[in-house]
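**Q** Have a look at this one.
The values are calculated or read from the model by the stated rules, or taken from the named source; none is laboratory data. Computed from a prediction, not measured in an experiment: that's the story for all the values here. Cβ placement follows ideal geometry from the backbone for every residue including glycine, while neighbour counts extend to all protein chains displayed. These area figures cover heavy atoms from the full protein model, side chains too; ligands, DNA and RNA do not enter into them. Shrake-Rupley method; radii C 1.70, N 1.55, O 1.52, S 1.80 Å.
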Amino acid sequence: MSIKERGDGKYVSVTTLCLMTVAAVVSLRGLPMMAAEGLSMIFYILFATVIFLLPAALVSAELGSAFGQKKGGVYNWVSAAFGSRWGFVAVWLQWIQNVVWYPTVLGFAAACLAYLFGDPELASNGMFTGIVILVVYWLATFIAFRGSKAVNSVTKYGVVFGTLLPGILVIVLGIVWAATGNGIAFLDGSAIAGSATTVANTASSATATATAVADTAAKVVAHAHPRFFPHVTGLGSIAFLAGIVLLFAGVEVQAVQVNEMKKPSTQFPSAMFLASTIIFVLFLLGSLAVAVVVPAKDISLTAGLMQAFQLLLDKFHLKFLIPVMGLLMAFGAIGGVMSWVTGPSRSLLLTAQEGNMPPFMAKTNKYGSPTSLLLIQAVIVSLLACLYFIMKDVSVAFFVLSAMTATLYLVMYMLMFAAAIKLRYSQPDLARPFRIPGKNAGMWIIAGVGFLGVAFAFIVGFFPPTNLPVGNPALYVSLVAAGLVVFTGMPLLIQAIKKPSWMPKAAPAPVSGTTAKNADVSASKTTTTSTSKK
């Protein structure tokens, strides 16, 4: 990665921003969900890339460049368009969706640990998964109390050894598998019946899941030939779309970098198109590697990647690496969670310090960590982890939480796209170092496509997937809807009961030059601590 020198600092290059975006978006945990769609995964990944990722990147770049001197990100963007109430709702949703997301990524980590312990059946054990989530998350929370430096090393090495290395390995092994004449699962499920039996023997939950959806699978047999477009028999048959779109989320966090580029009007789009291409290829090849060896009906949403590794490594006489892969991927997932435990709460902390929430939620410790928000996060995660205890199928619990996360995050993106359009009219003279080309029509096209794509994925998220044994469809819809209503209603309720006493007290005027200087230094230190990057 190169960062070019400039007079007052350094320019961020196209390559640097591209790789930063890829690192923020790419994750291994979503590969099984995409692989479960067979060759139709190409359609889903293209949809998420073209209809969501690119519009979100371009819109957030314009907003990020316009408000680059202010902290708060999406809070400032939406507030400028619709007022502080909706700005608070947007930043709250950006925070709370991460809280709901933690049990899903830790569910993936638990499945990886099951293979490390040499007992793949644990990956389908809700009790084991729930306990891992509780132990790891509370441990991460207590570590976060001591500030972000305590987890930096885990995060750095977790990305390299827990994401990049396993991702590259599964792609290479998948290519070798196909090139050496082995059966291709997504082309002919019976071609690797023997391999499927191996998975069934070592991951009984996956087999139980397959049995439970046998009726649904039978209906699709007539359409079992490879197809680019999904076989749509109802919105439930494309319910995975919301979860797959969620895998491409997070690009807006890099929007702040647009003002650090030498020629943002040309370099930022180039970086985003390059990053989108890399993300598309990585997700596609990784998902294909899983789909090549594991039949769609046998793929576990949490343990699917380890299922693929088990078959691949066993085939190439590298079975001793199975627990190693389990350890590395669990390490990567846990490291990612630890890095995000304090991150999303920083923007919310800023709004709390501005008087948008009760004063106790703005409390920090001597390390600058938002202690109240961290504890609230941990309690919510603990409650959501209980879904793994009460649901019979771990994959169903995983997807319910994924759908809940998606609906919350997608509402935030709808607010962001709408804010970008409105600001073109309400603040036409606002300086925008990066501006979506095509004047207002260009903004309508880019933000409009993004808004409509997000809205469609949002609606689909409420339909129970036909390829998962969700049990009672009404219960599934109720859980997802309840999560949306409760977590979206909370910021509106907080704003409704907002009190003047929540506003921070103005600092007393300095009485001398020395005092003023000391006050400025103190204020500077406080601001730096409370608004440090995640």
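**Q** Could you rank the peptides 22-29, 76-83, 290-297 by their average count of other C-beta atoms within 10 Å per residue, with the highest value first?
**A** Listed from highest to lowest mean packing, they are 290-297, 76-83, 22-29.
**Q** Counting only the heavy atoms of the protein chains, how much of F186 is accessible to a 1.4 Å probe, in Å² to the nearest 10?
**A** About 50 Å², rounded to the nearest 10.
**Q** Please arrange C112, C386 by accessible surface area, largest first, computed with a 1.4 Å probe and ligands excluded.
**A** The ranking, largest first, comes out as C386, C112.
**Q** Further question: Heavy atoms only, probe 1.4 angstrom, no DNA, RNA or ligands counted: give me I168, I494 ranked by accessible area, highest first.
**A** I168, I494
**Q** How much solvent-accessible surface does K10 expose, in Å² to the nearest 10, with a 1.4 Å probe and all protein chains in place?
**A** Estimated to the nearest 10 Å², K10 gives 110 Å².
**Q** Can you give the accessible area per residue of region 355-496, in Å², using a 1.4 Å probe?
**A** Per residue, region 355-496 has an accessible area of 40 Å².
**Q** Could I ask something else about it? Which percent of the accessible area of region 47-134 is formed by carbon and sulfur heavy atoms (probe 1.4 angstrom)?
**A** Percent of accessible area from carbon and sulfur atoms in region 47-134: 60.
**Q** Same structure again: Starting from region 354-455, pick out the chymotrypsin sites (Phe, Trp or Tyr not before Pro) whose DSSP state is loop and whose Cβ has at most 16 other Cβ atoms within 10 Å.
**A** Y367
**Q** Can you pull the accessible area of E354 for me, 1.4 Å probe, Å² to the nearest 10?
**A** Roughly 80 Å² of E354 is accessible to a 1.4 Å probe.
**Q** While we're here: Tell me, what is the per residue accessible area of region 283-338 in Å², probe radius 1.4 Å?
**A** 29 Å²
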